[in-house]
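Contents: one structure, followed by commentary.
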Amino acid sequence: MDATDQSYAENRGAEPAGQPRVGVYICRCGGNISDVVDAEHAAEICWHIPGVVVSKVHTFMCSDPGQQSIIDDIHGEKLDRIVVASCSPFLHELTFRGAAIRGNLNPYLYEHVNIREQCSWVHKHDPQGATAKAIALIGAAVGKVRQSRPLEKIRLNNRRRALVVGGGPAGMKAAADLAGTGLPVLLVERTGRLGGKLVSPQSLFPTGIGSTQILEKLESDVRSTGRVEVLLESEISRVKGFIGNFDVTIRGPLGPSGALTDVDVSVGVIVMATGFQPYVPHDGEFLFNRHPGVITTVDFQEALACAPEGKRLVVNGREIRRAAFIHCVGSRQIEGVHEPGPDGRLNKHCSRVCCTTVLNQAIQVRRRFADTRVYDIYQDIRAYGRGHERYYSEASRAGVIFLRYHGDERPLVSAAEDQSVHVSFKDYLSWGETIDLDVDLLVLAVGMTPGPCGRIVDQLKLPRGEDGFLQEIHPKLRPVEISVNGVLLAGTAQAPMNLQESLAAAGAAAVKARAMLVKEQVELNPYVARVNTQRCEGSGECIGQCEYDGALTMVEESPGVRRARVNPGLCIGCGACVAVCPNSAIDINGWRVEQYDAMVDGLVLQNQPA
Amino acid sequence: MQAQIMEKGYADALVIGGGIAGLQAALDIADQGYKVVIVEREASIGGRMISLSKVFPTMDCASCITTPKMSAAAHHENIEIMTFTEIDSIVAGADGHVVSVTRKPTYVNAEKCIGCRLCEYACDSELPDVFEQGLGATRAISVAFTNAIPQKAVLLADYCLSCGLCLRACPTDAIEFDQRPRQERITAGSVIVATGFQLNSLTVKPQYAAAQNANVISPLTLERLLAPHGPYGRVLRPSDGKIPDSVAFVLCAGSRDQTIGVPYCSRVCCMYSIKQAMLLAGSLPMADITIYYMDIRAFGKGYEQFYQMAKAMGIHFVRGKVARVDAAPHDDLLVHVEMTEEPVDCVRRQKHDLVVLSQGMIPQWNPAGVSPVHIGEDGFVATPDTADPCATNVPGIFVAGAAAGPKDIVDTIADAGAAAMLAGRYLADRAGKSRTPPSAAGRSIRLEMAV
Ligand SMILES: Cc1cc2nc3c(=O)[nH]c(=O)nc-3n(C[C@H](O)[C@H](O)[C@H](O)COP(=O)(O)OP(=O)(O)OC[C@H]3O[C@@H](n4cnc5c(N)ncnc54)[C@H](O)[C@@H]3O)c2cc1C
Ligand SMILES: Cc1cc2nc3c(=O)[nH]c(=O)nc-3n(C[C@H](O)[C@H](O)[C@H](O)COP(=O)(O)OP(=O)(O)OC[C@H]3O[C@@H](n4cnc5c(N)ncnc54)[C@H](O)[C@@H]3O)c2cc1C
């Protein structure tokens, strides 16, 4: 990727000579900023900040002309420091660092100021205040950037091998994709076989293809390259490290001697494909566990697979004259209506696959058992995907009777005298009339809930979202990446998905993994602690404060001379060590104490009345 | 006379379409170390996404999250972009897929053009601005839109008065009236079809009377009205510039309907309508906003929660099929709804001053006659292999995004990654078989349109 790195190589180490020449660029963000912040006025004021020799406004700094103006000024105006005031650095910090590189400037001599989220959006009703705040923040950034020194990315060796956790469809696909490009892969599955939820045979929507057939294809893909090592009945018992350098201990099944087998491996990336757990209704929820006629769609899948052919469906020895499905069991839960789960969480999310799963099962019942009636009690039929709507019309044609309830008026279920189940609810397809149904079988369309994922989640501090699923970096643009660099998300570990979507997500995770593994070295941001060896007297205070295992260690450099040493791969640059050093001997690259001082000065300066 | 076809050499992957699907696929292929060419028929990359206002469910400003992708692709050392270029044919060759393209004349020398727009300011010929859904005007020679990539002017010959004003205004003598279409040929190791979607016609259902009423609008028009840098900078209805105070959204106005040949669900309309309703509620706090729907399909991560939030904000969700829209006095509209939640013969008539029709999503490109790629009965590119959702019937040709059926942005991004992975696998496999992978032999291309 970084051939461009070479171009600033010639001056990247050199401290720019003389007084820093700072360029300030203020973005209107097409109105997102300038509708509130007076960008022109701010630019005018910025001319007066010490060190500023260029101050400009642009409609979209991130556009090509915007970036080009920075590059032109680096050359034309001999800029050696850049400040861009625009949106969140989360979106565009890298964009402008790239522009600096193309202008042959060290990218760490660039500061990003967020005057959108932090000014125009939050102070919409106070344009003057928002403008003043924007100016103050720019002042602080100019102060900081004047103190900035050129930095270089940290480059470390990359262990070019992938670990895939979870051998469901998503994990198998990710492993096969990576191995298919020549990379060695370790696939770790907790149970005794690959396949995840597809292990139980079923006819899959939206194609009607059998799950066994898909699994065979995926498994042959996994095995054919010879580059995937599959570890069954295994789990990750310990993991530490960082991108390019994860040390993992895998606990395998009991060996012949009865001892547990632990294997230590090192890998460069980890793909989390730990899947989902079907929602398990509470005891007594819709009579679940209390009545033999109440089962979930998961159980019904198996019941259907082994049901004998005949006029009527038979489940667990019971002949089914009428069957009903209730949608959204354990999904789309509403506060005050539903009971939270054992972890205190409500499943507010839609589980995405249940609607079409019900249609699929209902059609199969109607096709195979002419004398079994089917009722489908739903809120919204979410047959959104390609080919799904066909299942909806097909179900209507097959005689499935649709009834619609409102989420805040849950159907009431009770045991009827003749062993059947009584369901009562208001139906909004017949004008809010109360419907009372007696059925022999009630199938609860259970949603997807987050899987436990194992210890790795705590050990690597992988974040979970409010819904409990592993949390991607950006729900729109970066769905398969997570905030821990080097870890990727595949399939339903991240969110409910059907099979095709899980496989697509797995492919997307695999491609990111491959991009990381094609490099000889991994590159990390240089914002880590740095020890001033002249000053360090080995008090060890810093090590007591450090929360990141192995990031700081005390090294005996020569007899009696102990000094702190930083492992740049493990240090996250939190700065806890800086605060406690009695000799001010430790600092954070890019966030040195002088830089903070300069920021404060910059803030104060801009707040003086003119 | 047959124009000469210029051979442009080999690329590992050729991506058709520079929307978010094509950009993401190109980036993911290029990051694996392969050379990629993106072929885009319009003057700028960015696809539909760059023209949206904000995106559900994060409410990020669409420009703000699309430009980084556009810019990353444009500056990637492994990616070349050909805009204003059409695909003529894709045929199998010895070294890969031989792709013939036509570079449409822009009448501007891309190497000389510096994107200063002086030509645009000088031009006297005005036409409706397509990017703004016709709500504003643009000139016969212009840069496509503010954050377009590349920032190069394009002249539309059909509207040019040949007055020469631009010629005189251009500081770099970039204008070339004598340009002609050029045929070029690229050999591509793999191909990604990322040609996206279009909306079916606003008038596909005559009972919604869009042809007669300027205030029955497309959701794309509303996207531009809601965009912070949109044509008016605020929401005004088209007929008279009035600030609307009662807005209706009619869902499934071009989908889930056998009679118009779109029986399938367009998958994103529920969510973008809810998004637009929320944005409207933000900019017009006094307005009444109603969404007429059959089922609300809020299925993605965080979408149901987004829907519940909209309900809590006071947006009305009315379950009913809109039968007809009629003109009412003062440019207003009368919406006839069969209410399914009230007595069966209840047809309600409701007055609104702006009506938005959720048009159906249909494919933008049909490969027939150009390449052997099959399409499904819905017209979108067929994906016959359940275990490889992005593979087409042709080995080495993959599909990503809305080209394989309606899809929102996040599903498109995942899809693009999966397609890029398949391309990577395919290329690695081929490289394993032949000893000298063509790109390693130094035949990779350099295009003059480099941005
Ligand atoms: C009732 C029902 C019917 C469905 N029908 C369809 C259908 O017809 N069509 C369709 O497209 N989709 C269907 N789906 C969805 C489909 O099952 C999922 O999309 C798919 O299984 C997701 O695959 P996955 O690999 O993400 O997760 P999973 O299938 O859950 O696989 C996860 C794997 O990871 C393993 N694992 C978990 N934690 C660990 C750990 N810590 N260490 C090691 N291994 C671990 C698990 O043992 C499992 O093997 C259905 C779902 C349900 C509930
Ligand atoms: C009104 C509206 C609002 C929306 N809002 C949201 C939202 O808020 N959030 C969200 O997630 N999604 C939203 N979407 C959906 C979003 O637009 C799509 O998910 C996304 O644009 C799909 O990207 P794509 O790249 O597949 O297709 P497109 O965006 O259609 O891009 C396809 C590209 O290919 C080019 N092309 C086509 N054919 C050819 C050819 N033959 N040769 C060369 N180039 C070609 C086109 O010019 C275009 O640039 C919305 C859609 C609409 C209609």
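The values are calculated or read from the model by the stated rules, or taken from the named source; none is laboratory data. Quick caveat, the model's predicted, so the values are computed rather than measured. Counting neighbours? That spans all protein chains shown, and the Cβs are built from the backbone with ideal geometry, glycine included. In case anyone asks, the SASA skips ligands and DNA or RNA and just uses the protein heavy atoms, side chains included. Shrake-Rupley method; radii C 1.70, N 1.55, O 1.52, S 1.80 Å.
Quick one: A:D436 ticks every box in (1) assigned to a loop (DSSP other than H, G, I, E, B); (2) more than 16 Å from ligand 1 (Cβ to nearest atom); (3) not aliphatic (A, V, I, L, M) except a single one, so which number is it?
Just one mismatch for A:D436, condition (1).
Hey, could you check the range B:295-308 for residues that are in a helix (DSSP H, G or I) and open to solvent by 20 Å² or more (accessible area, probe 1.4 Å) and say which is nearest to ligand 2 (Cβ to nearest atom)?
Here is the first cut: in the range B:295-308, the residues in a helix (DSSP H, G or I) are B:303-308.
Then drop every residue that is not open to solvent by 20 Å² or more (accessible area, probe 1.4 Å), which leaves B:305, B:308.
Details: B:Q305: 15, B:Q308: 17 Å.
So, considering only residues that are in a helix (DSSP H, G or I) and open to solvent by 20 Å² or more (accessible area, probe 1.4 Å), the one nearest to ligand 2 (Cβ to nearest atom) is B:Q305.
Only one of A:R161, A:R193 is open to solvent by 30 Å² or more (accessible area, probe 1.4 Å), among the charged types (D, E, K, R), more than 16 Å from ligand 1 (Cβ to nearest atom) and touching a residue at least 12 places away in the same chain (Cβ under 8 Å). Can you tell me which?
Details: A:R193 fails: more than 16 Å from ligand 1 (Cβ to nearest atom).
So the residue among A:R161, A:R193 that is open to solvent by 30 Å² or more (accessible area, probe 1.4 Å), among the charged types (D, E, K, R), more than 16 Å from ligand 1 (Cβ to nearest atom) and touching a residue at least 12 places away in the same chain (Cβ under 8 Å) is A:R161.
Inside the range B:84-143, counting only strands (runs of 3 or more DSSP E) that do not spill past its ends, which hold 1 or more residues that are in the same structural domain as B:R185 (by TED's automatic domain parsing)?
Values: elements: B:85-92, B:97-103, B:126-128, B:137-139.
Ranges flagged: B:85-92, B:97-103.
Take B:A214 and tell me if it is in contact (Cβ under 8 Å) with a residue 12 or more places away in the chain, under 19 Å from B:M361 (Cβ atoms) and surrounded by fewer than 23 Cβ atoms within 10 Å (Cβ to Cβ).
Numbers: in contact (Cβ under 8 Å) with a residue 12 or more places away in the chain: yes; under 19 Å from B:M361 (Cβ atoms): no; surrounded by fewer than 23 Cβ atoms within 10 Å (Cβ to Cβ): yes.
Spelling it out, it is not the case that B:A214 is in contact (Cβ under 8 Å) with a residue 12 or more places away in the chain, under 19 Å from B:M361 (Cβ atoms) and surrounded by fewer than 23 Cβ atoms within 10 Å (Cβ to Cβ).
Can you work out which of the residues in the range B:280-294 that are in contact (Cβ under 8 Å) with a residue 12 or more places away in the chain and within 13 Å of another protein chain (Cβ to nearest Cβ) is surrounded by the most Cβ atoms within 10 Å (Cβ to Cβ)? Lay out the reasoning, then the answer.
Of the range B:280-294, the ones in contact (Cβ under 8 Å) with a residue 12 or more places away in the chain are B:280-281, B:283-284, B:286-294.
Now narrow it down to the ones that are within 13 Å of another protein chain (Cβ to nearest Cβ): B:283, B:291, B:293-294.
Numbers: B:S283: 13, B:I291: 25, B:Y293: 23, B:M294: 17.
Once the filter is applied, the top-ranked residue is B:I291.
Is it fair to say A:T356 is under 34 Å from the mean Cα position of the chain (by Cα) and at pLDDT 95 or above?
Details: under 34 Å from the mean Cα position of the chain (by Cα): yes; at pLDDT 95 or above: yes.
When the stated conditions are applied, A:T356 passes them.
Given (1) touching a residue at least 60 places away in the same chain (Cβ under 8 Å); (2) open to solvent by 10 Å² or more (accessible area, probe 1.4 Å); (3) not acidic (D, E), where does B:H336 come up short, assuming only one miss?
That leaves (1) as the condition not met.
Name every residue in the range A:256-288 that is open to solvent by 20 Å² or more (accessible area, probe 1.4 Å), more than 25 Å from A:G468 (Cα to Cα) and small (G, A, S), in order of residue number.
Hits for the range A:256-288 are A:S257, A:G258, A:A259, A:S266.
Looking at A:Y392, is it outside any loop (DSSP other than H, G, I, E, B) and more than 10 Å from chain B (Cβ to nearest Cβ)?
On the way: outside any loop (DSSP other than H, G, I, E, B): yes; more than 10 Å from chain B (Cβ to nearest Cβ): no.
In short, no.
Within the range A:489-511, which residues are under 21 Å from A:I456 (Cα atoms), within 7 Å of another protein chain (Cβ to nearest Cβ) and not in a loop (DSSP other than H, G, I, E, B)?
Scanning the range A:489-511 gives A:A505, A:A510.
Quick one: A:K519 ticks every box in (1) within 16 Å of A:V271 (Cβ to Cβ); (2) modelled with pLDDT under 95 bar one, so which box is it?
Failing condition for A:K519: (1).
When only residues in the range B:374-408 that are open to solvent by less than 20 Å² (accessible area, probe 1.4 Å) and near ligand 2 (Cβ under 9 Å from one of its atoms) count, which is farthest from B:D28 (Cα to Cα)?
B:P406
Sort through B:S53, B:S100, B:S142, B:S71 and tell me the only one that's without any contact (Cβ under 8 Å) to a residue 60 or more places away in the chain and polar (S, T, N, Q). Give the steps one after another, and end with the answer.
Numbers: B:S53 fails: without any contact (Cβ under 8 Å) to a residue 60 or more places away in the chain; B:S100 fails: without any contact (Cβ under 8 Å) to a residue 60 or more places away in the chain; B:S71 fails: without any contact (Cβ under 8 Å) to a residue 60 or more places away in the chain.
Only one candidate qualifies: B:S142.
Could you tell me which numbered condition A:V561 fails, if it satisfies all but one of (1) out of contact with any Phe, Trp or Tyr (no Cβ under 9 Å at 6 or more places or on another chain); (2) open to solvent by less than 60 Å² (accessible area, probe 1.4 Å); (3) modelled with pLDDT of 95 or more?
(3)
Which members of the range A:313-352 meet the condition of being buried (at least 21 other Cβ atoms within 10 Å of the Cβ) and either assigned to a loop (DSSP other than H, G, I, E, B) or on the phi > 0 side of the Ramachandran plot (or both)?
Scanning the range A:313-352 gives A:C328, A:G330, A:S331, A:R332, A:Q333, A:N347, A:H349, A:C350, A:S351, A:R352.
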